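Trainee: Got a structure for you, questions after.
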Amino acid sequence: MLPRILKITNLDEFKVFCLWNTCEERVIDFEKLLLDYPKNLKDKLLNKEIFQTISYNPDAKTIYFPKMIKTLNPDQGESLGDLDFCPDVLYSQSYKLSIESALI
């Protein structure tokens with residue numbers, strides 16, 4: 001079974017708590033996940049206001065930031081598209097929530 005997000009259960013600072021189809025609640029720490037991302041994108045995503053816009057896509061079973069990526073359509077001009085994340089990467093970069101990790 002491929003790990004997929006079923007829902008976001010909580011946001012805390014730059015951590016996203018998710019329930020997965022593996023019957024686990026796991027935490028995605030975006031400060032760690034974005035370490036090797038370009039500085040301008042990392043700074044944008046780790047802005048508290050912008051981070052609060054993170055959303056769940058029930059079709060792709062992953063999370064995304066709405067209207068984050070500029071795209072150019074020759075007929076309609078510039079628009080903003082969603083920035084979504086591969087659920088396999090999110091799963092591999094997350095950690096399982098346990099009583100011990102909840103206390104950290």
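Trainee: For Thr71, work out the one condition from (1) out of contact with any Gly (no Cβ under 7 Å at 6 or more places or on another chain); (2) more than 28 Å from Met1 (Cα to Cα); (3) exposed (fewer than 13 other Cβ atoms within 10 Å of the Cβ) it doesn't fulfil.
Mentor: (1)
Trainee: Go through the range 80-95 and report how many residues are in a strand (DSSP E or B) and within 12 Å of the chain's Cα centre (by Cα).
Mentor: 3
Trainee: Moving to a separate point now. Of all the strands (runs of 3 or more DSSP E) wholly in the range 1-64, which have at least 2 residues that are loosely packed, with under 15 Cβ neighbours inside 10 Å?
Mentor: Ranges flagged: 5-12.
Trainee: Which numbered condition trips up Asp84, out of (1) of a type in the set (D, E, K, R); (2) surrounded by 10 or more Cβ atoms within 10 Å (Cβ to Cβ); (3) at pLDDT below 85?
Mentor: Among (1) of a type in the set (D, E, K, R); (2) surrounded by 10 or more Cβ atoms within 10 Å (Cβ to Cβ); (3) at pLDDT below 85, the lone unmet condition for Asp84 is (3).
The values are calculated or read from the model by the stated rules, or taken from the named source; none is laboratory data. Not measured: the values here are computed from a predicted model. When we count neighbours, we look across all protein chains shown, and the Cβ atoms used for this are built from the backbone with ideal geometry, even at glycine.
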